[in-house]
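Here is the structure we will look at.
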Amino acid sequence: MASAGIAAVTAREVAWIRRDVVALLLVLVVPLLAFGLLAGTFSRAVIRGLHIDVVDADRSAMSANFIQAVSAAPGVDVASRSSDLTDAMHAIRSGEAIAVVYIPENFERDVLAGRRPQIVCFYNKQFFTPGNIAANAIQAAVANAAAALPRQAGAARSFAPGSLVIEQYVLSNPALNYVQFLLRAIMPTVLHVVIAIAGAFAVGSEFGRTRDVREWLQVAGGSPLAALVGKFAPYLAIFALMMALGAGIMHGVFRIPFRGDALIVGAGAILLIAAYLSMGAFFVLLVRNLPVGLTLTGVVCSPAFGFAGVGFPTLAMGTFGQVWGTLLPLRWYIQILFDQAARGVPAHDSIEPFAWLGGLAVILFGLAWLRARSVLRNPPARPEPLPPPALPGRISVARAFSDEYRRVLGDSGAFGLIVMGPLLYAVLYPQPYVGQLIRDIPIAVVDDDSSEISRTIVQALDAHEATHVAARPLNLTEAQAAIARREVFGILSIPAGTEREILKGQPARLPAFVDSAYFLLYNRTLQGISEAVAVVSGELQARTARPDGSLYRAALVRSSPIEFLSEPLFNPTGGYASYIVPAAFILILQQTLMMGVATLGGVAYAQGGAAARRQRGRPAAIAGQALAHLALALPSYALCLIVLPRLYGYASNPRLLDLLVLAVPFILAVSLLGQLAGALAKRRETAVVLLMGLGLPLFFLVGVAWPPEAIPAILRAASTAVPSTFGIDGLVRINQMYASLADVSRDWARLWILVGIYAVLACLAARHGTKAEGA
């Protein structure tokens, strides 16, 4: 009976998916669109040609050679030259450059005189990834140019001890390919949101006016278990194919090698799909309301990427971040995926995350089943059709404003998205990043020298804030096994004879093996190892010289005739929350407002049909509704742009008027885009279902986390149709980088252009868009 019930429910669900346009768009079009956007965005796996500015105050032949060396570096491109640092700072704040190279006056003279002048790189640390890449590329170019300088005769006839040289060996992702790192994690992250929304939508639609929950239970033979299993079955199959498609893009299109056990990754994908289908279903069954259930599902799933430990590692999270991440199935699937696909560890090393994922899938399905038993035992009656609203013959801006304001406050779905959603996100989203910096990363040291110098190196590594010597294995084989078990994330080998080579005046090479599966963890580990060893090497070079004496200066000149100074701007500590949270908040505010506004358009059509849609599409109505949305959204913007930055301790501009001047056209543009979407929708849940899964792809098109120079021109052009492209860029520059309105004038002007375009389109769609059926 149960078997027949499952098959019948599955057939019923497949038939519904085929005839319901929104369901079909959700399970097929949204994932394919998201995969296409992500694959296109990351199609250039290695970032090159970042725009930088140069200030050459020396204007000598030597400074020109250094500029030429920087310009030839593959990661950067000298796009402009400023006369002074004031103009250069404008270039950074306005987005014309990501970094500035400053060469001081008398540079050539000081080099020839052995005075070791500075070359300074000012780089935008607020835009974390492109800023770091530009700074590293400039530093490497300057070092190569300095090494090519002729040595001064007689400058180094006296004996000097050898230096310690780090030899970097990159594990897991030797090419530091961003596709292998980011795209591998982002595709299942986007898909898990779609899966959860699909689970909520599939179950919640049974409580609406187009489907019948009693019929669902009857087809299942009266068994809530059969009803759930049969309903989930087609989605499980569809999303399993989507997971396989994502893997095909990674390993087929981008030719990223797969190093581990495909069976355990495939089984993990099935458990992930089952877990999030169950989660979405549970939330809807819990509240027995589709709009509220969709909002709860989005609040839990949308921030999950931060808790998964991809961008910011779990070992650096606070207690809440670690506990909450442990309860999310995505966290464990990502660990399995990276362990097997990227790191190629033995399958038995993935048993723990697999057990966690399986346990969570069972628990979530059990919760959905228990709730289904409770709800379906006494299923609610099909809701009565809503009475058509009274349509005034003439409407003013003021009347539209007051009606829309009351409408949002009286509608649980719209209120949850526009008002409550930002508040919940504001509390939950920053939690993984509250620690800001990664400290005490466990590393292993294989000391085959057992000398005074090797012990000094170990002490320096343990004293550095980034690293902690957690293991002292006897050989590299044991150390690599510790990396596979995630007990350590880097290895420093001190070969036998290291001290002897230094005392002979020869460079001693120290191999450093660092796991690059997670880039932030890799960069921080390598930074800690490099800086700790550099301190020891510097002390050896000037051991007999006073820091303020000529011998000490001579030792520094011998090591390098140029001093390179790297100065991070706007986020000098490199805090991850200071980088990611401000931009993410603005995107969240866009998504929640747009979905809430579009929901109201669907409600109006469901109640009053084409007449109600035309009523909402009148120019005065559109203007009044946009102003109502502005009034409702401004408190959330004040919370996220003014209050929370001070609460979490990252930069915030005290010039509030500048923020308001840019926020107003951004909110209006989002409102009008939402009204346009609502004018095309016939059901209230359409916007939530279709837009929830596209937030992460839109975020990477902005240019904050992923540089615009690395985004294909066609996608960059398409992204200008979305307000977040200019809103995030402008608001982050004003709030975190203290840019002026003149610096972001292009963003401000383009937002007002979008306001005008979407106002016209919303009017046209309300009048002529009712012919489109099913959406």
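The values are calculated or read from the model by the stated rules, or taken from the named source; none is laboratory data. Here the structure is a predicted model, which is why all the values come from computation and not from measurement. Don't worry about glycine lacking a Cβ; one is built from the backbone with ideal geometry, like all the others, and counts go over all protein chains shown. These accessible areas exclude ligands, DNA and RNA; they are computed on the full protein's heavy atoms, side chains included. Shrake-Rupley method; radii C 1.70, N 1.55, O 1.52, S 1.80 Å.
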* Degrees separating the helix 224-248 axis from the principal Cα axis of the chain, which is the longest one -> 40 degrees
* Would you kindly state how much longer the chain becomes between Glu567 and Ser530 on full extension, computed as 0.36 nm times their sequence separation minus their alpha carbon distance, in nm to one decimal? => 11.5 nm
* Asked: Roughly how many Å² is the accessible area per residue of the range 611-713, as a whole number, for a 1.4 Å probe?
  -> 29 Å²
* Could you work out how far helix 290-301 tilts from the main Cα principal axis of the chain, as a 0 to 90 degree angle to the nearest 10? => 10 degrees
* Structure fact -> Here the range 70-83 yields Karplus 3J(HN,Hα) values (6.51, -1.76, 1.60; θ = phi - 60°; whole Hz; Gly and Pro given as x) of 5, 5, 7, 5, x, x, 10, 9, 6, 8, 7, 10, 9, 7
* Share antiparallel - DSSP beta bridges, the chain, percent rounded to 5 -> 20 percent
* Report the paramagnetic label zone for Val253: residues of the range 23-65 whose backbone N is under 12 Å from a point 7 Å from Cα along the Cα-to-Cβ axis. => 32-44
* Asked: Rounded if a/c is under 1.5, else prolate if a/b is larger than b/c, else oblate: which is the range 1-154, with a ≥ b ≥ c the root eigenvalues of its Cα gyration tensor?
  -> prolate
* Structure fact -> For Leu510, other-chain or 5+-apart residues with amide H closer than 5 Å (H placed, Pro excluded) are Val165, Ile166, Glu167
* Using 16 Å as the cut-off for backbone N distance, which residues of the range 57-99 belong to the label zone defined by a point 7 Å from the Cα of Ser745 along Cα→Cβ? -> 87, 90-96
* To do: Taking amide H positions as placed in the peptide plane 1.01 Å from N, state which residues far from Ser302 in sequence (5 or more) or on other chains have amide H under 5 Å from it.
  => none
* For the chain, give the magnitude of the charge dipole about the Cα centre (Cβ charges: +1 Lys/Arg, -1 Asp/Glu; no others), in debye to the nearest 20. => 2500 debye
* To do: Please give the peptides 29-42, 274-287 ranked by average Cβ packing (other Cβ atoms within 10 Å per residue), highest first, as a rough proxy for protection.
  => 274-287, 29-42
* What residue among Pro188, Met692, Pro708 has its Cα farthest toward the positive end of the dipole of the chain, where the charges are +1 on Lys, Arg and -1 on Asp, Glu, each on the Cβ? -> Met692
* **Amide H partners (placed H, <5 Å) of Val434, local residues excluded** => Gly318
* Asked: Of Gly131, His51, Leu25, which is farthest along the charge dipole of the range 14-145 in the positive direction, counting Lys and Arg as +1 and Asp and Glu as -1 at C-beta?
  -> Leu25
* Once phi is turned into ³J(HN,Hα) by the Karplus curve 6.51 cos²θ - 1.76 cosθ + 1.60 with θ = phi - 60°, what whole-Hz value does each residue of the range 463-478 show in order, with x for glycine and proline? -> 7, 5, 5, 7, 10, 9, 6, 9, 8, 10, x, 7, 8, 5, 4, 5
* What label, among (i) 1.06; (ii) 1.52; (iii) 0.97, belongs to Cα Rg over 2.2 N^0.38 Å computed from the structure on display? -> (i)
* Structure fact -> With x for Gly and Pro, the residue-by-residue ³J(HN,Hα) of the range 652-663, computed from phi through the Karplus equation 6.51 cos²θ - 1.76 cosθ + 1.60 at θ = phi - 60° and given in whole Hz, is 8, 6, x, 7, 5, 5, 4, 4, 5, 4, 8, 5
* Quick one: if the Förster radius is 56 Å, what FRET efficiency do Tyr169 and Val760 give, using the C-beta to C-beta distance and rounding to 0.05? -> 0.45
* Structure fact -> Full extension between Val120 and Ser374 adds, at 0.36 nm per residue less the Cα distance, a length in nm of 84.7 nm
* Structure fact -> For the chain, the longest principal axis of the Cα atoms and the Cα long axis of helix 519-541 enclose an angle in degrees, to the nearest 10, of 10 degrees
* Asked: To the nearest 20 debye, what charge dipole does the range 1-135 have about its Cα centre, counting +1 at the Cβ of each Lys and Arg and -1 at the Cβ of each Asp and Glu?
  -> 580 debye
* Asked: So which aspartates and glutamates can Lys682 reach, going by Cα to Cα under 13 Å and dropping same-chain residues fewer than 8 places off?
  -> Asp20, Glu773
* Sites Glu452 and Arg59 - FRET efficiency at Förster radius 51 Å, r taken between beta-carbons, to 0.05 -> 0.60
* How much accessible area does Tyr648 have with a 1.4 Å probe, in Å² rounded to the nearest 10? -> 60 Å²
* **Candidate aspartates and glutamates - alpha carbon under 18 Å from Lys504, same-chain residues fewer than 8 apart omitted** => Asp449, Glu452, Glu539
